[in-house]
Amino acid sequence: MLLFRLYAAVSFVFTISLVIPPFCIGIRSFPTLAIDGGDGLSEPGSAAAAAWSRFSEAPDYRNGAECATSFNREMVSSCDPSLVHIAMTLDSEYLRGSVAAVHSVLKHASCPENVFFHFIAAEFDPASPRVLTQLVRSTFPSLNFKVYIFREDTVINLISTSIRVALENPLNYARNYLGDILGRCVERVIYLDSDVLVVDDIHKLWNISLTGSRVIGAPEYCHANFTKYFTDGFWSDPVLSRVFASRKPCYFNTGVMVMDLERWREGNFRKKIENWMELQRKRRIYDLGSLPPFLLVFAGNVEAIDHRWNQHGLGGDNVRGSCRSLHPGPVSLLHWSGKGKPWVRLESKKACPLDHVWEPYDLYKHRNVAKYQSFSSISASTLIGFSSYLS
């Protein structure tokens, strides 16, 4: 009997290893009415309880009458075709930014219950993925979401040194594996970095068409000096530089992307990105982290989305993190890419002007947002011309 039980246990583990993708494990898929998930993490004094106490509960954002669907919160499926899918990473270092980003999406969404978040958490994060899951649940009780544990050994041997240590975090490369991590029924997803703020209806971004055979859509910046994203050794190699011979490449920021996961999987784009990362390990062809492989594969073949959907660079450059103002024109999404993060600068009393736009979305409890309450209803329309006001 003991031998039989041992055999059964081994068979079960082997079966699970076959059906779970090698890149991640999903641990939560839909909201429940109770905060305690039955795993003991919500007991007073536990690590999760301590983590929950740092964030206030967000308002309960609900669908309006104009929304086509009103979900049963206990039965929602990530395969529902009416959902807007958003993928974000989730870790202890950027948790405060992630919470503010989710809050901003829900606040401005026309149909917030139709938004489904896919959170990718690091396998060895100081806060366990289970704790992070419970924290999201306690902060956003009505949120539809799923947390996936990203196996860092998937990519750790492909990562090369960068100009900033933070860019070497394996979780930065999770976006490369969304086609494998998310279920096959998820055919399209919006990827967002944790340091963004959405001040417009996310459904507008979701409804943008990817024409032709394009796999991703993102704001392009063709005035940027594209050559600086690769080393002189890359450009002097006639074979390597030929990758751009048949297209006109423009810089785009990978922190905001609309991705067709069906085309991504069919074209095996994860492997194409990995091939460039493997080459980078052998001979240095770029200095940044996860961005250049995306440029090598997609630059020149991106669906150009309006710049309002990624007002990036607000974190300053990758060394000093200096203050920057908005680009001219309307704003739907603010992005603190670069070294400086708004929550860090606010804590250190060295906030940049635009950091105060981020602050009302911050649900971290000890922040005193009353001083900036006038910013809480900022929308895309009111941000037009805001850069000249702040500069």
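In terms of surrounding Cβ atoms within a 10 Å radius of their Cβ, TRP235, TRP276, TRP343, TRP358 rank from fewest to most as TRP235, TRP276, TRP343, TRP358.
If only the Cβ of Lys and Arg carry +1 and only the Cβ of Asp and Glu carry -1, the dipole of segment 216-304 around its Cα centre is close to 280 debye. Give me the one-decimal nm value for the distance between modelled label points at SER322 and SER209, 7 Å along each residue's Cα-to-Cβ direction. The answer from the label model is 4.3 nm.
Pairs exceeding a 31 Å alpha-carbon distance, out of LYS282/LYS350; LYS248/LYS350; LYS339/LYS365; LYS204/LYS282: LYS282/LYS350; LYS248/LYS350; LYS204/LYS282.
By other beta-carbon atoms within 10 Å, ranking LYS146, LYS204 with the fewest at the front produces LYS204, LYS146. Given R₀ = 25 Å, FRET efficiency for ASN268-ARG242 by Cβ-Cβ distance, to 0.05? With R0 = 25 Å, the Cβ-Cβ based efficiency is 0.75. From the Cα gyration tensor of segment 216-304, with a ≥ b ≥ c the square roots of its eigenvalues, which class applies: rounded if a/c is under 1.5, or else prolate if a/b is larger than b/c, or else oblate? The shape class here is oblate. Once the chain from ARG284 to ARG62 is taken as fully extended at 0.36 nm per residue, the excess over their C-alpha distance is 75.0 nm.
For segment 173-254, taking the reciprocal of the average inverse distance between every pair of different Cα atoms yields a Kirkwood hydrodynamic radius of 15.9 Å. From least to most packed, judged by other beta carbons within 10 angstrom and beginning with the fewest, LEU95, LEU197 follow the order LEU95, LEU197. For segment 329-344, 3J(HN,Hα) computed residue by residue from phi via the Karplus equation (6.51, -1.76, 1.60; θ = phi - 60°) reads x, x, 10, 10, 8, 9, 9, 8, 5, x, 6, x, 10, x, 5, 6 Hz, glycine and proline entered as x.
Read-outs throughout are calculated quantities, based only on the coordinates presented, and are distinct from any laboratory measurement. In this text, all values refer to a predicted model and were calculated from it rather than measured experimentally. Heads up, the Cβs are rebuilt from the backbone with ideal geometry, glycines too, and the neighbour counts pull from every protein chain shown.
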